[in-house]
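**Student:** My questions will all concern the structure given below.
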Amino acid sequence: AHLDRIAAVDGAVGAFLNVDAECALSQADAADVARKEGQATSELTGVPVAVKDLIVTRGQVTTAASRILEGWVPPYDATLVRNLRAARTPILGKTNLDEFAMGGSTEHSAFGRTANPWDLGRIPGGSSGGSAAAVGAYEAPVAVGTDTGGSIRQPAAVTGTVGVKPTYGTVSRFGVIAMASSLDTPGPMARTVLDTALLHDVIASHDPLDSTSLPDAPRDMAAVVRAAQEGRELTGLRVGVISELDGGEGYHDGVVASFHAALELLEAAGAQVETVSLPHLEYALDAYYLIMPAEASSNLARYDGMRYGLRVEPTSGPVTAETVMAATRGAGFGDEVKRRIILGTHVLSAGYYDAYYGSAQKVRTLVQRDFAAAWDKADILVSPTAPVTAYRFGEKDDPLAMYKLDVTTIPANLAGVPGMSLPSGLSDDGLPVGFQILAPQRADDRLYRVGAVLEA
Ligand code: GLN
């Protein structure tokens, strides 16, 4: 049924970069057999999943939506893909993204843009826009995304779906093509909180192949959701509204109105809603756009035209390692990726390191301390997931205009805390709005509990 749906609508939506129907169907058959033999390891056994094309799949092309990896067939599976295979969830295909996950609109893919199922003239968010659109357009019931600065939560928000960025280290980064390693966090996307929880439980695992993998990664989230769905109350839960992210310049009125309506629902469920200030959030966006490019510039050094992926030789002059590298990287990377590599190498260069990268790391520590202090006052923190609803293609051509919209999602990545975006109705423009919930590290269960109650 999902393959039929993809055939019917993906020409217009463009969520997938490739679909492997034969492979998905044979995995579905294997899942059927496992179920009949009582060997289903998850409730998602046999339930198809879409996977962001930043995540390597053995024998199946993986591109990071970049020309530099066009046609590359990985010889191994990411750990999270191994977990999907162990649970026998058929992989429908690989979804579109901003090249190397750099962007917030999926307009920066080398292989064409993805449309928002709510309005095909608008962006589906990004960088996991393909995964969000696939779920939003009913092409896949669940999907995997990655969140370095909001790339799961923001596309979920603008497509009316649920997206979770787990605690950093919960889902292995092994086989997830690196953008900014200290921030990269794979996670689940779906149309309901329970479905995200079920997928969370499949992909989360401790992995010795990822040195930052948590030994005690939060799991069993589906049980948390079901318990919350029974009680449907949040008596005594202390909710902190992040005052720095509660509307103001740059926020749509309809987004703020929807956010405040959701706060009333929390109060009705018995929660105590108060305002909490995290004063250094003012500088979080600036710190992110120094740290992220710095790490990305180092991670992307591996695309040298020699090891794997694209190789372009210079059309004139000598063929040396350096000229091949320059020709390959010049042809293989898109503008947004080049911009961030240049920015990243600049802030890491001698003479600028302390002023830019060093200062940004200090701000990161201050943001982490703000969160630590906030947890004394609140059990969860909340804000709109994104300041605006889905914008029209081309509306944010100026890179800074796009970067600024990440203000609401970036703090969680700097602090490594888990976050969820949950649909909170429509804005006055008729487009979906996301409600963001943040919790302390390893307290992912709070997101699922609150999400389950609010969703009802
Ligand atoms: N939009 C942010 C950026 O462009 C976040 C990207 C992400 O989370 N991968 O960097």
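The values are calculated or read from the model by the stated rules, or taken from the named source; none is laboratory data. Fair warning: this is a prediction, and the values are worked out from it, not measured in the lab. No Cβ is skipped: glycine too gets one built from the backbone with ideal geometry, and neighbour counts run over all protein chains shown.
**Student:** Only one of Tyr356, Tyr303, Tyr308 is modelled with pLDDT under 95 and farther than 30 Å from Thr275 by Cβ. Can you tell me which? Break it down into steps so the answer makes sense when it comes.
**Tutor:** Values: Tyr356 fails: modelled with pLDDT under 95; Tyr303 fails: modelled with pLDDT under 95.
One residue alone meets the criteria, Tyr308.
**Student:** Separate question: Looking at Ser359, Ser298, can you tell me which residue is surrounded by fewer than 18 Cβ atoms within 10 Å (Cβ to Cβ) and either within 16 Å of the ligand (Cβ to nearest atom) or farther than 27 Å from Gly416 by Cβ (or both)?
**Tutor:** Numbers: Ser359 fails: either within 16 Å of the ligand (Cβ to nearest atom) or farther than 27 Å from Gly416 by Cβ (or both).
Selected residue: Ser298, the only one of Ser359, Ser298 that is surrounded by fewer than 18 Cβ atoms within 10 Å (Cβ to Cβ) and either within 16 Å of the ligand (Cβ to nearest atom) or farther than 27 Å from Gly416 by Cβ (or both).
**Student:** Return the pair list, or none, for Cβ contacts closer than 8 Å from residues in region 136-149 that are farther than 30 Å from Ile291 by Cα to residues that are of a type in the set (Phe, Trp, Tyr) and in a strand (DSSP E or B), at least 6 apart or on different chains.
**Tutor:** That search, which allows pairs on different chains as well, returns Glu139/Phe16.
**Student:** Can you tell me which residues in region 69-115 are over 16 Å from the mean Cα position of the chain (by Cα), within 22 Å of Gly160 (Cα to Cα) and within 16 Å of the ligand (Cβ to nearest atom)?
**Tutor:** Of everything in region 69-115, just one residue is over 16 Å from the mean Cα position of the chain (by Cα), within 22 Å of Gly160 (Cα to Cα) and within 16 Å of the ligand (Cβ to nearest atom), namely Arg113.
**Student:** So, one more: Among residues belonging to region 69-100 that are basic (Lys, Arg) and outside any loop (DSSP other than H, G, I, E, B), point out the one that is surrounded by the fewest Cβ atoms within 10 Å (Cβ to Cβ). I'd like the intermediate steps shown before the answer.
**Tutor:** Our first condition is that a residue be basic (Lys, Arg); within region 69-100, this holds for 82, 85, 88, 94.
Filter once more, keeping what is outside any loop (DSSP other than H, G, I, E, B): 82, 85, 94.
Values: Arg82: 18, Arg85: 16, Lys94: 26.
The residue in question is Arg85.
**Student:** Okay, moving on. Of the residues that make up region 321-341, is at least one crowded, with 21+ Cβ neighbours inside 10 Å, outside any helix (DSSP H, G or I) and more than 26 Å from the chain's Cα centre (by Cα)?
**Tutor:** no
**Student:** Just to check your reading of the model, which residue among Met189, Met179 is at pLDDT 95 or above, of a type in the set (A, V, I, L, M, F, W, C), under 13 Å from the mean Cα position of the chain (by Cα) and part of a strand (DSSP E or B)? Write out each step before concluding.
**Tutor:** On the way: Met179 fails: part of a strand (DSSP E or B).
After applying the criteria, what remains is Met189.
**Student:** I'm told Gly394 meets every condition in (1) in a helix (DSSP H, G or I); (2) more than 24 Å from Val276 (Cα to Cα) except one. Can you identify the failing condition by its number?
**Tutor:** The failed condition is (1).
**Student:** Could you count how many residues in region 155-214 are among the small types (Gly, Ala, Ser), touching a residue at least 12 places away in the same chain (Cβ under 8 Å) and more than 21 Å from Trp118 (Cα to Cα)? Working first, answer last.
**Tutor:** Taking region 155-214 as the starting set, the residues that turn out to be among the small types (Gly, Ala, Ser) are 156-157, 160, 163, 169, 172, 175, 178, 180-182, 187, 190, 197, 204-205, 211, 213.
Now drop any that are not touching a residue at least 12 places away in the same chain (Cβ under 8 Å), which leaves 156-157, 160, 163, 169, 172, 175, 178, 180-182, 187, 190, 197, 204-205, 213.
If we keep only those that are more than 21 Å from Trp118 (Cα to Cα) as well, we get 169, 172, 175, 178, 180-182, 187, 197, 204-205, 213.
Here the count works out to 12.
**Student:** Could I ask something else about it? Which one of these is surrounded by fewer than 17 Cβ atoms within 10 Å (Cβ to Cβ), at positive phi and either of a type in the set (Phe, Trp, Tyr) or touching a helix residue (DSSP H, G or I) at 6+ places or on another chain (Cβ under 7 Å) (or both): Gly305, Gly309, Gly351, Gly250? Show your work before the answer.
**Tutor:** Values: Gly305 fails: surrounded by fewer than 17 Cβ atoms within 10 Å (Cβ to Cβ); Gly309 fails: surrounded by fewer than 17 Cβ atoms within 10 Å (Cβ to Cβ); Gly351 fails: either of a type in the set (Phe, Trp, Tyr) or touching a helix residue (DSSP H, G or I) at 6+ places or on another chain (Cβ under 7 Å) (or both).
After ruling out the rest, the residue left standing is Gly250.
**Student:** Can you name every one of the helices (runs of 4 or more DSSP H) wholly within region 208-306 that holds 1 or more residues which are farther than 21 Å from Arg446 by Cβ?
**Tutor:** Working: elements: 221-231, 253-268, 284-299.
Ranges flagged: 253-268, 284-299.
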